[in-house]
Amino acid sequence: PLLGRTVGQYEIVSRLGGGGMGVVYKAHDRKLGRAVALKFLPQQWSHDEGAKQRFLREAQAASATHHPNICVVHDIDTADDGQLFIVMGFCEGPTLKQRLESGPLPIDDALDVATQMADGLAKAHGQSVVHRDIKPGNVILTDDGVRIVEFGLATFVEALPFTAQESRIGTAAYMSPEQVRGEEVDARADVWALGVVLYEMLTGHVPFRGGYAEAIAYAIRHEDPRPIRAGRPEVPEEVEQLVFRALHKDPAIRF
């Protein structure tokens, strides 16, 4: 419904995607003459003043994290109807999720993507910013390298009491055991999710699977993933060991 409209200084050009955390549009910044991405948050989050203040704090933390592998947050604003939206850098390229639809990545490519993701996460974690929803859909593969998107948003959603009652934060297959149990999480949950993503890039599927969310959660808590080299023996043993350390169910043993 927003296509062709102008919100503040932003002329909305096309819809890029959407989900439970809002809808993303490509827009033209008429003041600065650049392409940006606008993420409009669900309406119910825009009518709670406390929620808005929490979101502002998270957006400030995310915007302070400057790194080549993190999509920059430019601003947060409110549309005429009161709906909150984030202004982010526009990243041109497919998501890692779209790339994985064609199957596993070459080993060197998978390691390159994982290394860039780790660099971005290290920068964020060094500033006490935890993503909490690392997954292929939140990784964009641009001509200039990997960009992680959605920093700060998961932390904000987790703070909302009505959201916490409805569902856990994160995408089931990429959640750490402590997230699945509903415990407080730190940077090591992102390390776990990075391990899941690297496993998926090397094998073509996630390490913990099931027909529904609770089955996946049970596998995450209690089962061991199938060895990567069982299906792809050319993967170096050191790489497999690295992935399995990231996927250790005890956070203290992860990197």
Open item on the list: Within the chain, what whole-number % of the accessible surface is contributed by carbon and sulfur, with the 1.4 Å probe and all protein chains included in the calculation?
Closed with: 49
Task: Förster-model FRET efficiency, 30 Å R0, E101 and A64, C-beta, rounded to 0.05 - done: 0.30
Task: Residue among Q98, Y174, V197 farthest towards the positive dipole end of the chain, charges placed on Cβ - done: Q98
TODO: Would you calculate a helix-derived [θ] at 222 nm for the chain, using -39,500 (n - 2.57) for each DSSP H run of n ≥ 4 and dividing by the full residue count, to the nearest 500?
DONE: -11000 deg cm²/dmol
TODO: Using label points projected 7 Å from each Cα along Cα→Cβ, tell me how many nm separate D48 and E183, to one decimal.
DONE: 2.6
Task: Contour excess over end-to-end distance, with Cα ends at E238 and T6 and 0.36 nm allotted per residue - done: 78.3 nm
Task: Sum of side-chain charges, G195 neighbourhood, beta-carbon under 9 Å (Lys, Arg +1; Asp, Glu -1) - done: +2
TODO: Determine the shape class of the stretch 213-255: with a ≥ b ≥ c the square roots of the Cα gyration tensor eigenvalues, call it rounded for a/c under 1.5, and otherwise prolate if a/b is greater than b/c, oblate otherwise.
DONE: oblate
Task: Calculated log₁₀ intensity ratio I(q)/I(0) where the Debye formula runs over C-alpha points of the stretch 179-255, q = 0.18, 0.20, 0.22 Å⁻¹ - done: -0.72, -0.89, -1.06
Open item on the list: Tell me the relative contact order for the chain as a rounded percent, counting alpha carbon contacts under 8 Å between residues six or more apart.
Closed with: 14
Task: Point-charge dipole on Cβ atoms (K/R +1, D/E -1) for the chain, about Cα centre, debye to 20 - done: 280
TODO: Under 1.5 on a/c is rounded, so check that first for the chain, then, if it is not, pick prolate when a/b is larger than b/c and oblate when it is not; a ≥ b ≥ c are the square roots of the alpha carbon gyration tensor eigenvalues.
DONE: prolate
- [ ] Could I have the simple spin-label model distance between D224 and V13, label points 7 Å from Cα toward Cβ, reported in nm to one decimal?
- [x] 5.1
Task: Kyte-Doolittle mean at least -1.0, axial Cα span of 27 Å or more - DSSP H helices of the chain - done: 107-126
Open item on the list: Run the numbers for R245 and T78: contour at 0.36 nm per residue of separation, minus the present Cα-Cα distance, in nm.
Closed with: 55.8 nm
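The values are calculated or read from the model by the stated rules, or taken from the named source; none is laboratory data. Note that this is a predicted model, so its numbers are computed, not measured. Using ideal geometry, Cβ is built from the backbone for each residue, glycine included, and neighbour counts are taken over all protein chains shown. Areas reflect the complete protein model, heavy atoms only, side chains present, ligands, DNA and RNA absent. Shrake-Rupley method; radii C 1.70, N 1.55, O 1.52, S 1.80 Å.
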